[in-house]
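Read-outs: derived from the displayed coordinates by stated rules, not from any lab. Bear in mind that the values here come from a model prediction, so they are computed numbers and not experimental data. All Cβ positions, glycine included, derive from the backbone under ideal geometry; neighbour counts span all protein chains shown.
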């Protein structure tokens, strides 16, 4: 079963909030066919603890304001280089660049469909992450 429209819309809003704080390598992974409780993951990279905290705050504020959603659970710390925001159908994995490389969720979930972090549309080509603000042409 594909991800719900609501979960995808939430992921796009969270990606937009992260992009506002200049986060990089924004990736939406559709895991609904493999996991029963989660539809999509949002993976985000940041360059510092301070930016990681700011991205986390931005996502929480945007999803509360625009979607009346609060995280069900929050794990990790900015100082540790990794934070997780669990919204049920969406899980945001927010990393320092080093921690993202260490955990390698992109590789672990290499076979799942990707969605465009700006539009939520399914991507057809490479499963590589999309950098914030990039305007890469994609095959339809």
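Just so you know, in the range 78-91 the residues that are part of a loop (DSSP other than H, G, I, E, B) and under 16 Å from residue 58 (Cα atoms) include one that is farthest from the chain's Cα centre (by Cα), and it is 78. Only a single item in (1) touching a strand residue (DSSP E or B) at 6+ places or on another chain (Cβ under 7 Å); (2) surrounded by 14 or more Cβ atoms within 10 Å (Cβ to Cβ) is not met by residue 53, and it is number (1).
Per-residue answers, yes or no, for (1) touching a strand residue (DSSP E or B) at 6+ places or on another chain (Cβ under 8 Å); (2) part of a strand (DSSP E or B); (3) closer than 22 Å to residue 32 by Cβ:
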residue: 76; (1), (2), (3): yes, yes, no
residue: 93; (1), (2), (3): yes, yes, yes
residue: 107; (1), (2), (3): no, no, yes
residue: 111; (1), (2), (3): no, no, yes
residue: 117; (1), (2), (3): yes, no, yes
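Scan the range 4-46 for residues that are surrounded by 15 or more Cβ atoms within 10 Å (Cβ to Cβ) and over 14 Å from the mean Cα position of the chain (by Cα) and jot them down. Listed by number, the list holds a single entry, 32. The sole residue among 37, 10 that is in contact (Cβ under 8 Å) with a residue 40 or more places away in the chain, assigned to a helix (DSSP H, G or I) and within 19 Å of residue 115 (Cα to Cα) is 10. Looking across the range 5-18, the residues that are more than 14 Å from residue 85 (Cα to Cα) and touching a helix residue (DSSP H, G or I) at 6+ places or on another chain (Cβ under 9 Å) come down to 6, 9, 16.
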